[in-house]
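Below: one structure, written as structure tokens.
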Amino acid sequence: MKAIVALRLLEVMRDQDLPVEILEDDDPIVTMPRRLGLSDAVDRQIRTYRSDMRRGARLTDGEISDLFRLVIRRPDSEEIFFRAGQTLAGEEGRGGWTRLAPRRVARSVARSRVRRRLRSLFGRPMGGFVRGRFAIEGRSLLFIEADPGGDACAFVSGLCQAILERTTGQPAHVTHTLCQSRGDALCRWEAAGEDQPSRSADDGGEDRDAS
């Protein structure tokens, strides 16, 4: 996993803990009760990840698990993963021409962008898309392995939703409809309004659609 994923997770957690209003002379680290996102330890780790990102470093699966365990200690961990996913959608999906394309074409482009972005960030296939639909599935993915509780799966929801909205120019809502943490056979993320898929992508993450 690229260091930028870890960096954005901690930055979102830090921003989540900032007070809504800060008086001009206030230092929230001093005037507020210590919160995890505002701790010296998190601040140091953010600086480390920034350095790692500049060097193009990647985290090991063990480091990823440690980071996820830090985040899931919080009651708002699902929101943090979702927001980090939105942030890490990056510049994918900002092309303007797709907003004028038919819905089917725009969603096909969005699928390709999601697939490419996930592989770029994590260095491996992260599930596969169901043919012809905006629905991605996978078994025993990194998110479940690092967080058996399933909160980390919200990362994919946030990234998919942000890319889909930018590609189509329309509001979108991507939900995690199936999750191995809930006893389902696989994890599935799909956009609202999609029909139930009749065929699933391969377990290994190979995409069956033509995009």
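Quick notes
- Residues that are surrounded by 19 or more Cβ atoms within 10 Å (Cβ to Cβ) and within 14 Å of the chain's Cα centre (by Cα) within segment 68-85 comprise PHE68, VAL71, SER77, GLU78, ILE80, PHE81, PHE82, ARG83, ALA84, GLY85, listed in sequence order.
- Among helices (runs of 4 or more DSSP H) entirely within segment 98-211, having at least 2 residues that are among the charged types (D, E, K, R), surrounded by fewer than 23 Cβ atoms within 10 Å (Cβ to Cβ) and at pLDDT below 95 singles out 103-122, 154-168.
- The set of residues in segment 38-91 being farther than 15 Å from LEU121 by Cα and among the hydroxyl-bearing types (Ser, Thr, Tyr) consists of SER39, THR48, SER51, SER65, SER77.
- Taking every residue in segment 156-179 that is under 21 Å from ARG104 (Cβ atoms) and hydroxyl-bearing (Ser, Thr, Tyr) and pairing it with any residue that is at pLDDT 95 or above and part of a helix (DSSP H, G or I), at least 6 positions away or on another chain, the pairs with Cβ-Cβ distances below 8 Å are THR175/SER157.
The values are calculated or read from the model by the stated rules, or taken from the named source; none is laboratory data. Not measured: the values here are computed from a predicted model. Virtual Cβ from ideal backbone geometry, glycine too; neighbours counted across all protein chains shown.
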